[in-house]
1. Under 22 Å between alpha carbons, and skipping anything fewer than 8 positions from LYS199 in its own chain: which lysines qualify?
2. Across segment 122-132, in residue order, what do the Karplus-derived ³J(HN,Hα) couplings come to in whole Hz, using 6.51 cos²θ - 1.76 cosθ + 1.60 with θ = phi - 60° and x for Gly and Pro?
3. For segment 373-483, just say rounded, prolate or oblate: build the C-alpha gyration tensor, square-root its eigenvalues into a ≥ b ≥ c, call rounded for a/c under 1.5, and beyond that prolate if a/b exceeds b/c, oblate if not.
4. When only C-alpha pairs under 8 Å and at least 6 residues apart count, what is the relative contact order of segment 23-123, in percent?
5. Order LEU183, LEU364, most accessible first, counting only protein heavy atoms with a 1.4 angstrom probe.
6. Can you work out the FRET efficiency for the pair SER469 and GLU112, with r the C-beta to C-beta distance and R0 = 30 Å, to the nearest 0.05?
7. Could you please put PHE7, PHE471 in sequence from largest to smallest accessible area, using a 1.4 Å probe?
8. Could you rank the peptides 75-83, 169-177 by their average count of other C-beta atoms within 10 Å per residue, with the highest value first?
Amino acid sequence: MPGISGFSLYLPPYRVNLEDWCEWTGEPWAKVSKVVGRSFRMRGPEQDVYCLAANAVLRLIQNYAIDPQNIGMLALGTESSADNSAGAIIVKGLVDKALRELGKPPLAIACEVPEYKHACLGGVYALKGALRYVASDGGQRQAIVVSADIAEYALGSSGEPTQGAGAVALLVEADPALLEVDLAAGGSASSYRVMDFRKPFARFAGQRPGSLGQLQDVPVFNGRYSTTCYVDAVRSAMAATLNKRAGNWVQFYESIDAVFMHRPYHRMPENGWGMAYLFALAHDNDPRLADLAAAADIDAQALQQELHTQSDVLDMATRHGLNADAYPLAAGVFQQFRRDPLYREVISEKLGLGAGKMQDLGNLYTAALPAWLAAGFEDALVQELDATGDAWLAIGYGSGDAAEVIPMRVVPGWQAAARKIGFDQALAPALDLDAQAYAALHAGQGEAELPRQPQAEFIIESVGARAESDFCDAGIAYHRYVA
């Protein structure tokens with residue numbers, strides 16, 4: 001069965017400590033630390049999403065001693081594209097140039113270079129494409145999937161503390177060294193939600209680009225409605241997964257050893273997995289649901305009816321419907337569930353592997369889920385866990401909305417490949433920003449305030465501005481690898 005043989009990460013060095021951010025903004029640190037995390041990264045003024053992606057890909061090739069000529073697919077998942085025509089081929093070009101400068105062969109010319117876009121789910125779709133490639137027409141060749149994004153939110157918005165930037169590259173093979181991936185046992189869900197989270201081009205109108213061409217890519221979003229969409233999509237994709245299996249739904253939830261989900265902030269996966277578990281209790285008519293309802297002083301029969309009804313979340317996409325609860329009784333029971341010992345066993349512990357490390361990444365959009373998988377392996381190494389044969393579940397989500405559930409299993413000998421991930425090393429280079437530097441970098445004008453010497457990474461050297469009859473490069477970024 002095909003699967004994943006390696007991970008590598010690249011995080012830009014510019015870090016915002018959220019406790020400091022709370023001092024600048026007056027937000028309560030106790031709440032932010034509990035709900036969001038500890039810190040996030042920001043892309044530098046000399047970086048775009050292709051720099052981030054190329055850094056992760058080059059590290060993957062170097063760390064795992066990959067023969068670049070054996071790569072038959074390089075797939076990019078992102079929602080931060082700076083070019084509406086090309087994407088993965090730009091990453092390939094950057095990596096090829098660096099490999100040549102390092103005295104190594106470039107990636108093969110016979111290499112597919114697709115870009116996948118669907119909000120935060122693009123990287124999962126890219127992974128599925130790569131798995132299908134190595135399982136079908138790839139032969140003995142390998143594939144690389146890189147998820148890279150720049151998450152920016154407007155100053156003062158509820159999304160501001162959930163920013164982030166970075167990239168994660170995965171090595172995909174027919175005979176994996178880390179995880180077997182069972183696509184056939186997974187499940188999908190998708191439904192158009194209008195104003196959950198969008199990035200219409202109109203936002204760019206009148207913007208003044210930074211000196212190296214960056215435009216501020218802040219989304220249009222509605223926070224509470226986005227949470228509703230996340231929960232509903234996870235529930236639906238889990239139902240699609242469980243409908244393929246015989247037997248008890250709750251037993252499946254409880255049999256999983258570790259769960260990894262799209263993670264826009266620390267609390268969101270708990271909400272999504274926990275609410276999905278309540279739906280499973282309802283499906284199986286498990287008496288524990290009635291006990292939770294009684295403890296929350298909620299009518300158990302009405303709760304069962306609500307959880308057996310597919311709410312049309314699209315109907316809530318109105319000015320007055322956005323802040324309503326799609327499942328109000330379940331939401332009330334969920335608060336009681338948080339205080340129950342069962343919550344720790346089925347929710348907190350299954351979401352615990354690598355979760356602590358993720359609190360210093362912020363929101364990486366498409367890269368959030370693969371980053372958590374990488375953190376999980378590094379955490380398992382540190383704890384010296386015997387994870388061989390463990391059932392892991394990856395749940396991706398993309399606003400708009402869509403979700404994917406992918407069952408995985410840890411293969412024997414995983415430790416050797418996991419030691420090459422270097423998660424903690426990727427976190428190590430950090431330049432903490434003060435309030436002034438943060439504001440300048442957020443505005444795309446931070447070159448003077450952030451002097452540093454790039455090393456072993458890609459940067460934007462210049463951006464073309466000519467639009468003449470015999471030569472046009474307006475808006476095209478010229479990248480360089482700094483050894």
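The values are calculated or read from the model by the stated rules, or taken from the named source; none is laboratory data. Everything quoted here is computed from the prediction, not taken from an experiment. Here the Cβ is made from the backbone with ideal geometry for all residues, glycine too, and neighbour counts use every protein chain on show. Side chains included, ligands, DNA and RNA excluded: accessible areas come from the protein's heavy atoms. Shrake-Rupley method; radii C 1.70, N 1.55, O 1.52, S 1.80 Å.
1. Within the straight-line limit of under 22 Å, LYS199 reaches these lysines: LYS117.
2. Working through the residues one at a time gives x, x, 5, 4, 5, 4, 4, x, 5, 4, 5 Hz.
3. Values: a/c = 2.31, a/b = 1.84, b/c = 1.26.
Because a/c hits 1.5 or more and a/b exceeds b/c, segment 373-483 counts as prolate.
4. Details: 100 pairs, mean separation 31.3, N = 101.
The value is 31 percent.
5. LEU183, LEU364
6. Working: r = 35 Å, r/R0 = 1.16.
About 0.30, to the nearest 0.05.
7. Details: PHE7 0, PHE471 90 Å².
The ranking, largest first, comes out as PHE471, PHE7.
8. Details: 75-83: 25.2, 169-177: 23.6.
The densest-packed peptide leads the list: 75-83, 169-177.
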